[in-house]
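The values are calculated or read from the model by the stated rules, or taken from the named source; none is laboratory data. A quick note: this is a predicted structure, and the numbers were derived from the prediction, not measured. Using ideal geometry, Cβ is built from the backbone for each residue, glycine included, and neighbour counts are taken over all protein chains shown. Side chains included, ligands, DNA and RNA excluded: accessible areas come from the protein's heavy atoms. Shrake-Rupley method; radii C 1.70, N 1.55, O 1.52, S 1.80 Å.
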Amino acid sequence: LSAPSRSPKGFPELKNDTFLRAARGEDTAYTPVWCMRQAGRYLPEFREMRAAQDFFATCRSPKVCCELTLQPLRRFPLDAAIIFSDILVVPQALGMDVVMAPGKGPTFPEPLKEVEDLLKLRQKVDVTAELGYVFQAITLTRHSLEGKVPLIGFSGAPWTLMSYMIEGGGSTTMAKAKSWLYRHPDASHRLLRLLTNVIIDYLVGQVAAGAQIVFAKDAHYALPELARAGYEVVGLDWTIRPQDARAQIGKDITLQGNLDPCALYAPKEKIGELVKKMLEGFGTQRYIANLGHGLYPDMSPEHVGAFVEAVHTHSRHMNKHS
């Protein structure tokens, strides 16, 4: 995505472009690394700041989102920041109510049940009016980063969001959402088109606000399909071998991933060994190190730091001796 002419001007010069270089397939001195949910509950400062505020109220506060985004950068030499937000702000922009239920996660009190329920959704969404708080958070954070690392923006992909809107929350089977595909194919396509149009405007708006790279979170496509979709980077979970992923994706797309998050429960020395093995599988170029999923709330910040340090140390050593 290229930023439209309304992009805010005067952002600080980027000092560490390793992440962007890897995403573009350019050579890097070491493998860049960041973590999904790096701004999260495993950090005591995050828990302290979030304790007194509703989750989606937090998402709507640019100042708080900026602070939460910056917190992990103060602890770890990460190569990218990711704006603190949530994929379900898009269904909210469409007019749906979403609440964060304690111990249950995001919940839709009135999910989509019948085709007629689509009429309750906004058919035209002004993303600046409905999601401007995210754009403000991105612009504020981009300035506050002072060029330290690039800023990532994101959205949920259409099918992921459709599933939440019909299931009423997270689901392992997505049976209700899939039943729509069979029972209501035309309505399903209408909903997916509506979501796609909003997501495009939303991501373009994030780039205009200052995001330097954006991604769509989804987990329901085969690698060969993703390879043909035009993405520059494809993220992987820990269930696929790097060599197999590279064979399916080809050599012209950067891969990201894919350490099992639970590996961070291991002793620090073991984390280093697992990172080395991961780097040997992917290679140090056209690759961005990450976990295969987000960080869990009970993980040790020290072990997250060990993961980041191991990626930098081992990839530098491998590059030196390649």
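Among 163, 179, 155, determine the one that fluctuates most according to a GNM of the chain built with springs between C-alpha atoms less than 10 Å apart.
Among 163, 179, 155, the largest mean-square fluctuation in the Gaussian network model of the chain belongs to 179.
Need one value: the accessible area of residue 249 in square angstrom, 1.4 angstrom probe, rounded to the nearest 10.
Rounded to the nearest 10, the figure is 10 Å².
For the chain, take the longest principal axis of its alpha carbons; what is the angle in degrees between that and the long axis of helix 268-282, to the nearest 10 within 0 to 90?
Once rounded, one gets 80 degrees.
How big is D for the chain, in µm² s⁻¹ as a whole number, if Stokes-Einstein is applied with the Kirkwood radius of its Cα pairs at 10 °C and 1.306 mPa s?
Numbers: Rh = 20.5 Å.
Rounded to a whole number, D works out at 77 µm²/s.
Of 276, 268, 104, which has the largest mean-square fluctuation in a 10 Å C-alpha GNM of the chain?
104
When N is the residue count of the range 177-289, what does its C-alpha Rg come to as a fraction of 2.2 N^0.38 Å?
Values: Rg = 17.7 Å, N = 113, 2.2 N^0.38 = 13.3 Å.
Dividing the Cα Rg of the range 177-289 by 2.2 N^0.38 Å gives 1.33.
On a 1.4 Å probe surface of the protein chains, which of 260, 298, 117 comes out largest in accessible area, and what is the full order? Write out the running numbers ahead of the final one.
Values: 260 55, 298 110, 117 25 Å².
Descending accessible area places them as 298, 260, 117.
Which order do 237, 97 take when ranked by solvent-accessible area (1.4 Å probe, heavy atoms of all protein chains), largest first?
On the way: 237 60, 97 90 Å².
Correct descending sequence by accessible area is 97, 237.
Note down the Stokes-Einstein diffusion coefficient of the range 1-156 in µm²/s, whole number, using a Kirkwood radius over alpha carbon pairs, 4 °C, and 1.567 mPa s. Display every interim value, and only then the final one.
Values: Rh = 17.4 Å.
Calculated translational D: 74 µm²/s.
Computed over the Cα atoms, what is the radius of gyration of the range 217-264 divided by 2.2 N^0.38 Å, N being its residue count?
Dividing the Cα radius of gyration by 2.2 N^0.38 Å gives 1.11.
Excluding ligands and nucleic acids, what accessible area in Å² is computed for residue 116 using a 1.4 Å probe, to the nearest 10?
For residue 116, the solvent-accessible surface is approximately 120 Å².
Let me check against my output: what whole-number percent is the relative contact order of the range 228-322, with C-alpha pairs under 8 Å and at least 6 apart? Let's see the in-between values first.
Working: 116 pairs, mean separation 31.1, N = 95.
With pairs under 8 Å counted, the relative contact order is 33 percent.
Using a 1.4 angstrom probe and counting only protein chains, how large is the accessible area of residue 215 in Å², to 10?
Approximately 60 Å² of residue 215 is accessible to the 1.4 Å probe.
Which trypsin sites (Lys or Arg not before Pro) in the range 7-55 pass both tests, a DSSP loop state and at most 10 other beta-carbon atoms within 10 Å?
Values: sites: 9, 15, 21, 24, 37, 41, 47, 50; in loops: 9, 15, 37, 41.
Taking the range 7-55 and a limit of 10 other Cβ atoms within 10 Å, the loop trypsin sites (Lys or Arg not before Pro) found are 9, 15.
Normalised by the residues of the chain, what does the relative contact order come to in percent, with Cα pairs under 8 Å and at least six apart?
Numbers: 550 pairs, mean separation 85.2, N = 322.
So the answer I get is 26 percent.
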